[in-house]
Structure formats: C-alpha cells, structure tokens
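Following: one structure in structure tokens, then a few remarks.
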Amino acid sequence: YQTYEFLLDHDLPCVKTTLDFSNINRFPAIIKSVSGHGGEEVYLIEDKDDPQYETLIKENPDLTFIYQEFVQNNGDVRVYVLNHKVVVGIKRVNPHNYRNNFSLGGEVSVYQLSPEMEEAAIRVSELLDADFIGVDFLLTENGFMINEIEDPVGCRMVYQATNIDIVSLFCNYIKNNI
C-alpha cells in the first residue's frame with residue numbers, strides 16, 4: 001500500500017490500491033498478500049460475494065492483504081534500473097493465467113520502452129535513491145500503469161531473454177561506488 005501512496009504522491013500512473021476490501025467498487029479485483037512474491041498469494045476475486053475472499057481471510061489471519069482493481073492488460077514489463085539508468089525492460093505474458101510472472105510460466109522477451117516508461121522508471125529510482133530496483137508496469141490499451149516496485153529485484157528473466165550479465169553490472173557498481 002505504501003507503494004501506491006508513494007506513486008500517487010509523485011503523480012505517477014498506478015493501479016488503484018486499498019487496504020479495505022469494501023473500497024473496491026469494480027470487479028473482478030485482485031487480492032495480494034503484502035509478503036507474497038513471484039505471483040504467489042495473488043488472487044482474482046470475481047465479485048463482492050466471491051467465497052474465495054472469506055476463505056482467504058479466515059485461513060490466513062496473520063497475513064496483511066491489499067486490494068486492487070483488476071486492470072485488463074497485454075502483459076507487464078519489469079524495468080531494471082541500476083544507478084538511475086535503465087538496463088533493460090523485460091515483457092512478461094502468460095496466456096494461461098492472469099498473473100504474468102515468469103515463475104508461474106510467463107513468457108519473457110526484451111521490450112522496447114517508450115520514453116515515458118523509461119522516464120517514469122528512472123524517476124522512481126531517483127525518488128527512492130535506489131541503487132538497483134525493478135519497476136513493474138502493466139501494459140494497458142491506454143498506455144501503462146505502475147503496479148509494483150521490486151527491491152531487491154530478481155534477475156532470472158534478464159538471463160533468460162538477454163546476454164546481459166546484470167549481476168556483474170551490479171557487482172561492479174557496488175565495487176566502484178559503495
């Protein structure tokens with residue numbers, strides 16, 4: 001939820017997110033555990049009366065959830081930013097699941113970023129003063145929306161889709177700057 005507030009505070013396009021399920025007015029909706037990763041603990045709820053919602057809450061009393069309006073998309077793009085410079089954008093698409101995560105079978109490819117996406121990713125990096133992050137964008141028919149900011153960010157997709165040795169780039173950055 002803090003990511004959503006941060007993005008709103010800085011006028012960056014983002015997915016509507018709330019801590020209160022009753023604030024969701026458009027369905028389907030997404031429920032995410034704040035501690036999940038790799039697409040795990042992300043659930044699609046069809047309507048306010050979906051029994052999956054009650055089951056999730058009852059079976060996971062120690063988890064904190066956020067709620068998002070489901071955004072129809074053509075995949076998502078993780079933009080890897082090192083030292084406030086874009087290294088690469090990797091598009092993820094999963095034709096068999098609403099979650100595009102690589103770890104859940106999403107297909108990955110290099111994505112040519114628009115200048116606006118590149119600018120938004122760099123701006124996030126600069127605002128957070130982050131050395132190395134991933135900024136996840138949903139691709140919509142109206143452009144893009146930032147969905148998540150990953151720190152630390154996993155790099156398997158970069159190795160799958162490119163010849164970029166991103167870990168070496170990060171290690172050299174650490175050696176020369178920290």
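The values are calculated or read from the model by the stated rules, or taken from the named source; none is laboratory data. Computed from a predicted model, the values in this text were never measured in an experiment. Note: ideal-geometry Cβ built from the backbone for every residue, glycine included; neighbour counts use all protein chains shown. The area values use the complete protein model at the heavy-atom level, side chains included, leaving out ligands, DNA and RNA. Shrake-Rupley method; radii C 1.70, N 1.55, O 1.52, S 1.80 Å.
Looking across the stretch 63-85 at every residue that is assigned to a strand (DSSP E or B) and not aliphatic (A, V, I, L, M), the one that is nearest to Ile31 (Cα to Cα) is identified as Tyr67. Against the definition (aliphatic (A, V, I, L, M), open to solvent by 40 Å² or more (accessible area, probe 1.4 Å) and touching a strand residue (DSSP E or B) at 6+ places or on another chain (Cβ under 6 Å)), how does Val71 come out, yes or no? Spelling it out, it is not the case that Val71 is aliphatic (A, V, I, L, M), open to solvent by 40 Å² or more (accessible area, probe 1.4 Å) and touching a strand residue (DSSP E or B) at 6+ places or on another chain (Cβ under 6 Å).
Taken together, Val110, Val77 contain a single residue that is modelled with pLDDT of 95 or more and in contact with a strand residue (DSSP E or B) (Cβ under 6 Å, 6 or more places away or on another chain), which is Val77. When the stretch 150-178 is filtered for residues that are of a type outside the set (Gly, Ala, Ser) and not in a helix (DSSP H, G or I), the ones remaining, listed by number, are Glu150, Asp151, Pro152, Val153, Cys155, Thr162, Asn163, Ile164, Asp165, Ile178. None of Gly154, Gly105, Gly143, Gly134 is without any contact (Cβ under 8 Å) to a residue 12 or more places away in the chain and of a type in the set (Gly, Ala, Ser) except Gly105.
Inspect the stretch 23-30 for any residue being under 21 Å from Gly134 (Cα atoms) and in a loop (DSSP other than H, G, I, E, B) and give the result as yes or no. Checking the stretch 23-30: not a single residue is under 21 Å from Gly134 (Cα atoms) and in a loop (DSSP other than H, G, I, E, B). Tallying residues that are in a helix (DSSP H, G or I), open to solvent by 30 Å² or more (accessible area, probe 1.4 Å) and not hydroxyl-bearing (Ser, Thr, Tyr) within the stretch 31-56 yields 3.
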